[in-house]
Structures are given as structure tokens and as C-alpha cells.
Amino acid sequence: MAPFSLMTASVSLLAKSFSVVSCTGSLARCTSVLPAAYISPAKCLTSQASGPPKRPLNGYMRYVLQQQPVMSKQNPEIKSVDIVRKIAQQWRMMSPEQKQPFEEASVKAREQFKVDFQHYQAQLTPAQVQQQAQERKQRMAKRRAIRKKRELTNLGKPKRPRSPFNIFMSEHFEEARGATTQAKMKSLLEDWRNLFSHQKQVYTQLAEDDKIRYKNEMKAWEDHMVEIGREDLIRDQTLSTKKKPAAQTPTAKKETKKAKAKAVKKATATGKSKSTRKTTKGSTTKNVRTTKKT
């Protein structure tokens, strides 16, 4: 029995080795279609131990990540932005059959993401769920602010006026001391503090001129926004000044007071005339009645 059991153990071990070899062979065949970064099980898993699972990439982004290092190596003089544009052009020219492996990998990754996300949500406490909701609101508010800023830039909203120090910094930034931007800012701040008052006055006057520029440009821009029907982009203070009636001059106030006094006098005069008419009518009717009786 011992030799037979030893033989069966060796056969099972040999079978396991064959299964490992076949698995590695199939994995190598798969990597010939897609890169290992998109087929390896360790890379495909989206779950993380410390945080929520990351959203999977779509087919186009998978193709970009595959082709970007190749094209960068072939064209080291081209900028990364131009390389991405070339890859996007290649993706548009590809047939559906060529895109299919990337799209299928994206679908599988989305299915795995749903499973991992449900598993992650089930492990959260109520406090963590509330914290995630607050973080989501903050992210959405930040995105809305970025979109609004981009929209205002596209609509040509004037830039805000610069401060005296900003004007000084823009003029002397190139020759400022320091290797990094932060070091240059620090040195410029020290130089600004060491300036005399008459030296700072030049930049203060430039800042005042910039305020006038901003005020005039904003007025023209807001008038244009009213013309195109975008009153929602106008400042609240501008809307409040437009809604308020124009301030009357002292002479106009006197004239309105005189007109009101005349109207009051006229009203009282008409009231008195009506009362006198009524009294005269009453006396005449009484006289007629007395004459009839006599």
C-alpha cells in the first residue's frame, strides 16, 4: 500500500504542476492581446484596504495608458499633451474589433467595482457614512465653483484689481532671490517691507489706477450680461443699485412738496364747497316747506 500511496501523491503533484503551467500559459496568451497591467488579477482588483475602491478606467483610458509609454519612448522630443492627442486620434481611427479587448476589460472591471463597493459600504459605520456624505458635498461644491469660474473666464469677466504688493512682485519676480517660487516670494516680501513710503507710493497709485480699470470694465461687462440675458452673473450690489430709484435733488424735493400741498388745498376746498352746497340745499328745502304750510 505504501508504494501505491506514494505513486498517487506523485501523480497529484505532477497534475498540480501541469495546472500551474497551463494557467501561466493562458495568462501569457492574454497578455499578448492586452498588457499585463490590465489582465493581472492583482492589478484588476479595485478594492483597497484603507479607503473606498477606485472607479475603473474606460476602454479609451486603458488604451491611452498602454500606448503612452510606447509613444513617449519612440518620440522623446514630443510633449505629453501632443502624445495624448495622437493617441486619441489613433483611438478614433480604430475599428470596433480593435477596441473590443479594451472595452471588455473595462466592463469586467466595472462589475468587479460594483462588488467591491458593496462590500466596502457594508463595512462602514454610520459615522463614516455621514462623513462620506459631507465629503461628497464638499467635492460637489468645489466642482461647481470650478465650473462657474471657467464659465466666467469664457464669458470674458474682467480680472480683479491687483494690490500694490502684487504689482511689485510681478515686476521683480524674475530677478528675485531664491531657487524655488516659495523662496522668491519670501525674498520679495522682505524687500517690500524694507521699501520706503515714497517708493511704495508708486505701486499704490498703480493699484488705484487698476481699481478704476476694473470698475469700468465690470460696468461694461455687466451691461453686456444684461443684454444677453445673464442677469444671474451680475453682482448683488449692482442689482440693488439698479432697483433703487434715482435720488432726488433738493429742488425736486421742494417741487414735490409744493405739489402735495397744492393737492391737499384743492381737496379741502372741494370738500368745503360740497358742504356749503349741502347746507344751501337744506335751507332752501326748509323754506319751501314753510311756505307751503302757510
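The values are calculated or read from the model by the stated rules, or taken from the named source; none is laboratory data. Not measured: the values here are computed from a predicted model. Positions of Cβ are backbone-derived with ideal geometry, glycine not excepted, and every protein chain shown enters the neighbour counts. Each accessible area value is taken on the protein alone, full model and side chains, heavy atoms only, with ligands, DNA and RNA left out. Shrake-Rupley method; radii C 1.70, N 1.55, O 1.52, S 1.80 Å.
Of everything in the range 93-108, what is open to solvent by 50 Å² or more (accessible area, probe 1.4 Å) and either under 17 Å from GLN67 (Cβ atoms) or outside any helix (DSSP H, G or I) (or both)? Give them in sequence order.
Residues satisfying the conditions are MET93, GLN98, GLN100, GLU103.
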### Task
Kindly indicate whether LEU124 is assigned to a loop (DSSP other than H, G, I, E, B) and aliphatic (A, V, I, L, M).
yes
### Query
Within the range 50-75, can you find the residues that are within 30 Å of GLN123 (Cβ to Cβ) and outside any helix (DSSP H, G or I)?
SER50, GLY51, PRO52, PRO53, LYS54, ARG55, PRO56, LEU57, ASN58
### Query
Pick from ILE78, ILE83: which is in a loop (DSSP other than H, G, I, E, B), free of Cβ contacts under 8 Å to residues at least 40 places away in the same chain and in contact with a helix residue (DSSP H, G or I) (Cβ under 9 Å, 6 or more places away or on another chain)?
ILE78
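Yes or no, residue by residue, for (1) open to solvent by 80 Å² or more (accessible area, probe 1.4 Å); (2) free of Cβ contacts under 8 Å to residues at least 12 places away in the same chain; (3) closer than 30 Å to ASN216 by Cβ:
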{"site": "MET61", "(1), (2), (3)": "no, yes, no"}
{"site": "GLN74", "(1), (2), (3)": "yes, yes, no"}
{"site": "GLN131", "(1), (2), (3)": "yes, yes, no"}
{"site": "PHE165", "(1), (2), (3)": "no, no, yes"}
### Options LEU57, LEU65, LEU155, LEU124: the member that is under 31 Å from the mean Cα position of the chain (by Cα), touching a residue at least 60 places away in the same chain (Cβ under 8 Å) and open to solvent by less than 100 Å² (accessible area, probe 1.4 Å)
LEU155
### Query
Just a yes or no: is a residue in the range 155-165 in a helix (DSSP H, G or I) and of a type in the set (A, V, I, L, M)?
no
### Query
Based on what the data block shows, is LYS211 at pLDDT 95 or above and open to solvent by 100 Å² or more (accessible area, probe 1.4 Å)?
yes
### Query
Looking at LYS219, is it touching a residue at least 40 places away in the same chain (Cβ under 8 Å) and open to solvent by 60 Å² or more (accessible area, probe 1.4 Å)?
no
### Message
Against the condition closer than 30 Å to TRP221 by Cα, open to solvent by 60 Å² or more (accessible area, probe 1.4 Å) and not hydroxyl-bearing (Ser, Thr, Tyr), how does ARG144 come out, does it pass?
### Response
yes
